[in-house]
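Enquirer: Please find one structure pasted underneath; my questions will follow.
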Amino acid sequence: MDTQKVLLLLSRDEGPKLDFKLKLNIETEGSKKELAKDICAIANSRGGRGYILFGVEDKTKKLVGINRHEFLEEQIQQIVSTRLDPPVPISVSIANIHGKDIGIITIYNTDQKSHQMRENGAFYTRRGSTTDIMHKEEIASMLQETGLLSYELLPVVRASKMDLDFDKIKKFLIKSGLSSEVDDSILLNSGIISMEKDSSEFHPTCGGILLFGNQPQNFLPHSIIKIINMINNDLPRHFIAKGTILDMLNDSIEFIKNCINEIIDFPIEIMEDLLGKAVIHRDYFDINNSIEIYLGNDKFEITNPGAAGKNEITNRNRYIRRNMWLYLKLLTIDISNRYFHKSINLSKLIKKYGKIKYFNIPSKNIFKVVIKPKLKIKK
């Protein structure tokens, strides 16, 4: 690794993708396990490449250096390949910074996540600068991001076919050019229901409930949209949109429109576009949070469970392609082309009516959009 890259890393604080260590210790089984655990955690953390720098005090970042003859790539590679499943691709290098040898392990980003320790089967991640065991919903979310698991097609075992709205399903099938007759084979092939192998019972899938459920929140209570209204005293302070995804979007937009349109001149198309993105890209495995909207006098916020990824080349946030099954179905269901078909020029609208900033918070698995509207008070 070149000197400028190392100096750039040294200028940063420790975090999910960067760790500083005083020395490399792989003399005992316990120390080998700790190294493998640290690499596992960085590999499982969201973002691009990760790095561990050796010969650096972690708090002061004082350079103390290492013995380059003890920093052997073959030994380190062997530890990683034998203790992690699947193995994490790494490279090992040494850079001389201000007369001190600094050892660097580069941990590459792959589509093989989640990585686990072979010894105990544990999955690790980084929370800030700390290594911790991954929660089950974090593992499930990562498996979805790598295409190994699809949330939408998981069965809702507490629900039955009677919890689906067959009128909505029929309209969807007709609009899709499929048969207007709704039978089990069509529902199975469409992914709206799944069959339990042992009992041959049919259950709606999570995606089926979210799109066609009679009361989706009875089974997926986190799939709501919360709105806090601090801008219009004539309307409730708190509003919760429930129902299918399209019902929630319509109810949310109607409430937001009533909140802001009597007070300021602000195009509702901006909120339609951003909310459409939110319901598609949210992490439905995060059952402890829901989409939240804050409407204040000086800003509007949309907080979405599900952090974005990083483009390694531009280092910019990018949406993770979650819930593509939902998205493709919603293209058909959104017959008004209100949320998913429109080709609005969002940047042009924002420039005219306000400012927008995006905040990606991987440590909390949150993506936030903050809009600073230009308050053009209606006369």
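The values are calculated or read from the model by the stated rules, or taken from the named source; none is laboratory data. Everything quoted here is computed from the prediction, not taken from an experiment. Cβ atoms come from the backbone with ideal geometry, glycine included; neighbour counts cover every protein chain shown. Accessible surface is based on the protein model in full, side chains and every heavy atom, while ligands, DNA and RNA are left aside. Shrake-Rupley method; radii C 1.70, N 1.55, O 1.52, S 1.80 Å.
Enquirer: Positive end of the dipole of the chain, charges at C-beta (+1 Lys, Arg; -1 Asp, Glu), about the Cα centre: which of Pro236, Gly55, Ile268 has its Cα farthest in that direction?
Expert: Of the options given, the answer is Ile268.
Enquirer: Rounding to the nearest 10 and keeping the result within 0 to 90°, find how far the Cα-based axis of helix 324-333 lies from the longest principal axis of the chain.
Expert: That works out to roughly 20 degrees.
Enquirer: Per the Kirkwood formula on distinct C-alpha pairs, the Rh of the stretch 215-268 is how many angstrom?
Expert: For the stretch 215-268, inverting the mean 1/r across all distinct Cα pairs yields 11.9 Å.
Enquirer: Something else now. Given H placed 1.01 Å from N in the peptide plane, which residues other than close sequence neighbours of Ile97 have an amide H under 5 Å from its amide H?
Expert: Under 5 Å from the amide H of Ile97 lie the amide H atoms of Ile102, each far enough along the sequence or on another chain.
Enquirer: Which value at 222 nm does the chain reach when only helices count, each DSSP H run of 4 or more adding -39,500 (n - 2.57), with the total divided by all residues and rounded to the nearest 500 deg cm²/dmol?
Expert: -9000 deg cm²/dmol
Enquirer: Tally up the carbon and sulfur contribution to the accessible surface of the chain as a whole percent, 1.4 Å probe, everything protein left in place.
Expert: Ligands and nucleic acids excluded, carbon and sulfur reach 49 percent.
Enquirer: Okay, next question. Expressed in nm², what is the orientationally averaged projection area of the convex hull enclosing the Cα positions of the stretch 71-221?
Expert: Dividing the Cα hull surface by four gives the mean projection, 14.1 nm².
Enquirer: Which residue, Asp298, Asp38, Asp132, has the most motion in a Gaussian network model of the chain that connects Cα atoms within less than 10 Å?
Expert: Asp298
Enquirer: Restricting to Cα pairs below 8 Å that are 6+ residues apart, what does the relative contact order work out to for the stretch 228-297? Please round to a whole percent.
Expert: Relative contact order for the stretch 228-297 comes out at 43 percent.
Enquirer: Still on this model: Under 13 Å from the Cβ of Lys171, count the other residues' Cβ atoms, weight Lys and Arg +1, Asp and Glu -1, and hand me the total.
Expert: +1
Enquirer: Counting Lys +1, Arg +1, Asp -1, Glu -1, what net charge surrounds Ser141 among other residues with beta carbon under 12 Å of its beta carbon?
Expert: 0
Enquirer: For helix 245-260, what angle does its Cα long axis make with the longest principal axis of the chain, in degrees from 0 to 90 and rounded to 10?
Expert: 80
Enquirer: Taking a probe of 1.4 Å, how large is the accessible area per residue of the chain, in Å²?
Expert: Per residue, the chain has 50 Å² of solvent-accessible surface.
Enquirer: Could you work out how far helix 29-44 tilts from the main Cα principal axis of the chain, as a 0 to 90 degree angle to the nearest 10?
Expert: Taking Cα atoms only, the helix is inclined about 40 degrees.
Enquirer: Going by amide H atoms built from the backbone, whose H comes under 5 Å of the H on Val156, apart from near neighbours?
Expert: Those qualifying (amide H under 5 Å, at least 5 residues apart or on another chain) are Thr205, Cys206.
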